[in-house]
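Presented below is the structure to which this report refers.
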Amino acid sequence: MTTDFIILHGSAGNGKTTLSRRLHEHLRSPYFEFGWIPEFRSLSPSVQITQREEEQLSFENLMLVVKNYNRHGFKNILITDLDDVRIRDIPIQFEGFNYIILTLYSDEDEVIRQRIQNRDNGNSYSDWEQSIKLNSLIRGRNKLPNEYRILNSSNDVESTLKELLNHLEGHLPSRNNKIQVSKNDFYSYIKD
């Protein structure tokens, strides 16, 4: 089970942090959360930049870092915590690479609300209503190339981890990188 990049995706409250850490331990591969790339708008008053432009710049920096790791021979590079708008960019950014998108979702809004309100993983995100909207968007949009969706409404981490590993083991990269989702669909759910 060797791939260049593994993107673990989903709205907040769907288990990305927990499962990313477990995948990282299992695969012993580099692990990056998007939030680790600094945003700097308030530190640079000489540059006028919007939040969306700043987020784009941070995403571009993350892509440079992970591709550099890959250039140095690292495989199974785990990336998580990307906004859904950035997931649309993955097929473009990783064209020519072997990548997989594993998207966690819930079919129960109450599960997301409970997980966000009761989390103990160090994550301070608390807008469960926004997360439920994004979860609904993810469930309703077309899948992207190399994307698998994994229902994670139960709290059985081991079963979900096993399903993720099965997708990694059986993954055959798509030859079609055509994207059928508009960025505007995503931005309608993101607060500016």
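Observations, loosely collected:
- Full extension of the chain between S126 and E110 yields a length gain of 4.4 nm, computed as 0.36 nm times the residue separation minus the alpha carbon distance.
- Highest average packing first - 26-37, 75-86, Cβ atoms within 10 Å: 75-86, 26-37
- For S153, the amide hydrogen comes within under 5 Å of the amide hydrogens of D107, counting only partners 5 or more places away or on other chains and with H modelled in the peptide plane.
- Distances between placed amide hydrogens fall under 5 Å for F32 paired with L78, I79, T80, all partners being 5 or more residues away or on another chain.
- Whole-Å distance, taken between Cα centres, linking region 103-141 and region 62-89: 23 Å
- In a reduced charge model with +1 at each Lys and Arg Cβ and -1 at each Asp and Glu Cβ, region 47-180 shows a dipole moment near 560 debye about its Cα centre.
- All C-alpha pair distances within region 9-119, sorted into 10 Å bins from zero, spread as 12, 39, 33, 15, 1 percent across the bins.
- Region 54-153 shape via C-alpha gyration tensor axes, a/c threshold 1.5: prolate
Values in this text are rule-based calculations from the coordinates and carry no lab data. This structure is a prediction, so every number in the text was calculated from the model and none was measured. FYI the Cβ positions are ideal-geometry reconstructions off the backbone, even for glycines, and counts take in every protein chain you see.
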